[in-house]
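Written out below as structure tokens is the structure these notes cover.
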Amino acid sequence: MTTAASTRPAALPIGIIGCGNIFPAYLKTLSRCRRVRIVAIADANADLAASRAAEHGLTALSIDDLLASDAQIILNLTPPQAHHAVGLRVLNAGKHFFTEKPLAATFEQGLELVELARARGLRVGCAPDTFLGAAGQALRALVDAGTVGAIRHGTAQFMNHGPDHWHPNPAFFYQPGGGPLHDVGVYYLTHLVHHLGPVASLTSTSHTTHNPRTVPLGARAGEQLPVAVPTHVVTQLAFASGAHLVQTSSFDVWRHTHTPMELYGDDGTLLGADPNQFGGTVRHNRQTGEFERAPGGRPYTTNSRGIGLIDMALALQEGRPHRCSAEMALHVLEVMDRALDAGRTGQRISLTTRCERPAPLAGKLF
Ligand SMILES: NC(=O)c1ccc[n+]([C@@H]2O[C@H](COP(=O)([O-])OP(=O)(O)OC[C@H]3O[C@@H](n4cnc5c(N)ncnc54)[C@H](O)[C@@H]3O)[C@@H](O)[C@H]2O)c1
């Protein structure tokens, strides 16, 4: 006789490389899911890995030993500038690779990772996974239901004063692979591609407002950070669907009052929540009518970083595509890199990549 428990696949073994700032958020989500188990963790800073392991009852290994373990997926939580090198090691060790965003520091590096994974029959998945949250899914449902008709225009606005005053190691945010577009604009773009499909072409303006940048507040106040990327980028995105949106990504703005995301359709307006969060209020109106809230009741209203990785683990076991796909991450990376190119040259640039919209999430993953 078989029971539900005996037919359920064994928990999928996962290893983690990178035990810094974002590590605890992932651990919280992964520890709630019985369909995955953490084999071991590793970090270039072995002392940090050992102390994280002791704190959370995990095993710390060297990176080589982790790559030789029975882990099937390696979760990469290193800074963007290390994603390419870590990804090559993981894929060459025959493991599936799920990485924090962006996929790599440059499109060319991201493409190499995706092509290597294809050649080796391995999966690549990439954050952000916030579009799987309650607010992202509520907005997607409104788009798909045609609540405001065809989406023609819109805005996506990320503006703050950078991570200098809260992150313990802020230097990497101002190097290629960082900056307001690759670090936070990536959430907005991923949500937009999830809602509307791929971008066909773009134009952009960009500025590096201060170089070096003086940390304004906090424990590192007065420290000078070299800046190798634009810190204010305004991009005009022409989607393959025909929609035209303006995206602003800035580390140069102290405060503003814009809505994070607005989508304008033939019959009304959709107002999205912060794409860097899982929950939040989503509203819509028709023509001149009042705004009303989208129906609630969806899962993942609070920080659930890691559900994209869990979706990939379940997808592997179930033989279906995972939602935080390599193709979407590579497309979003190309959009971001080309937005910086367009800011330098003033030219309109056509994208070479396309991707499918990920399947909507009907309910809880596990
Ligand atoms: N901190 C956040 O709030 C946050 C939020 C969302 C996403 N992220 C993303 O998570 C990733 C990590 O960010 P973080 O804030 O945790 O950075 P962090 O600097 O706090 O930690 C990164 C860790 O990676 C280790 N590391 C660096 N290079 C390595 C290598 N080659 N091999 C092994 N280990 C290496 C470092 O020793 C460090 O412990 C980035 O891609 C970032 O964009 C961070």
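The values are calculated or read from the model by the stated rules, or taken from the named source; none is laboratory data. The structure presented is a predicted model; accordingly, all values stated were derived computationally and were not measured. Note that we place each Cβ from the backbone using ideal geometry, even for glycine, and neighbour counts take in every protein chain shown.
Some observations on this one:
- Strands (runs of 3 or more DSSP E) within the range 1-79 that include 2 or more residues within 20 Å of the chain's Cα centre (by Cα) and buried (at least 20 other Cβ atoms within 10 Å of the Cβ): 12-17, 73-76
- Residues located in the range 163-215, provided they are small (Gly, Ala, Ser) and either touching a helix residue (DSSP H, G or I) at 6+ places or on another chain (Cβ under 6 Å) or within 23 Å of Arg338 (Cβ to Cβ) (or both): Gly177, Gly178, Gly179, Gly185, Gly197, Ala200, Ser201, Ser204, Ser206
- The set of residues in the range 175-188 being more than 12 Å from Ser250 (Cα to Cα) and in contact with a strand residue (DSSP E or B) (Cβ under 7 Å, 6 or more places away or on another chain) consists of Tyr188 alone.
- Residue check for Leu333: touching a Gly at 6+ places or on another chain (Cβ under 6 Å) and outside any loop (DSSP other than H, G, I, E, B): yes
- Pairs where the first residue, in the range 8-24, is farther than 14 Å from Asn45 by Cα and the second is in a strand (DSSP E or B) and near the ligand (Cβ under 9 Å from one of its atoms), C-beta under 9 Å, 6+ apart: Gly15/Ala42
- Checking each residue in the range 286-300 for being free of Cβ contacts under 8 Å to residues at least 40 places away in the same chain and of a type outside the set (Ser, Thr, Tyr) picks out Gln287, Gly289, Glu290, Phe291, Glu292, Arg293, Gly297.
- Which listed residue, of Thr190, Thr248, Thr209, Thr259, is in a strand (DSSP E or B) and modelled with pLDDT of 95 or more: Thr248
To keep it simple, each residue is scored yes or no on (1) within 16 Å of the ligand (Cβ to nearest atom); (2) part of a strand (DSSP E or B); (3) out of contact with any Phe, Trp or Tyr (no Cβ under 7 Å at 6 or more places or on another chain).
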residue: Gly110; (1), (2), (3): yes, no, yes
residue: Glu115; (1), (2), (3): no, no, yes
residue: Gly125; (1), (2), (3): yes, yes, no
residue: Pro128; (1), (2), (3): yes, no, no
residue: Ala138; (1), (2), (3): no, no, yes
residue: Val148; (1), (2), (3): no, no, yes
residue: Gly154; (1), (2), (3): no, yes, no
residue: His165; (1), (2), (3): yes, no, yes
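- In the set (1) surrounded by 23 or more Cβ atoms within 10 Å (Cβ to Cβ); (2) of a type outside the set (Val, Ile, Thr); (3) outside the structural domain of Phe278 (by TED's automatic domain parsing), the condition left unmet by Gly94 is number (1).
- Among the conditions (1) within 11 Å of the ligand (Cβ to nearest atom); (2) more than 27 Å from Thr190 (Cβ to Cβ); (3) in contact with a strand residue (DSSP E or B) (Cβ under 7 Å, 6 or more places away or on another chain), the only one that Leu58 does not satisfy is (1).
- When Ala362 is tested against the conditions (1) of a type outside the set (Val, Ile, Thr); (2) under 24 Å from Leu139 (Cβ atoms); (3) at pLDDT 95 or above, the lone failure is (3).
- Scan the range 67-84 for residues that are out of contact with any helix residue (DSSP H, G or I) (no Cβ under 8 Å at 6 or more places or on another chain) and over 12 Å from Gly177 (Cβ atoms) and the total you get is 4.
- For the range 276-314, a residue qualifies if it is out of contact with any strand residue (DSSP E or B) (no Cβ under 6 Å at 6 or more places or on another chain) and in a strand (DSSP E or B), and exactly one does: Glu292.
- The set of residues from the range 85-105 being in a helix (DSSP H, G or I), in contact (Cβ under 8 Å) with a residue 24 or more places away in the chain and within 12 Å of the ligand (Cβ to nearest atom) comprises Val86, Gly87, Leu88, Arg89, Val90.
- Meets criteria (touching a residue at least 24 places away in the same chain (Cβ under 8 Å), out of contact with any helix residue (DSSP H, G or I) (no Cβ under 6 Å at 6 or more places or on another chain) and farther than 14 Å from Pro128 by Cβ) for Arg354: yes
- Residues of the range 193-206 satisfying the condition of being part of a strand (DSSP E or B), of a type in the set (Val, Ile, Thr) and farther than 18 Å from Ser250 by Cβ: Val199
- Among (1) more than 17 Å from the chain's Cα centre (by Cα); (2) small (Gly, Ala, Ser); (3) near the ligand (Cβ under 10 Å from one of its atoms) - the single one Ala82 does not satisfy: (1)
- Count - residues of the range 147-159 that are surrounded by fewer than 24 Cβ atoms within 10 Å (Cβ to Cβ) and within 18 Å of the chain's Cα centre (by Cα): 2
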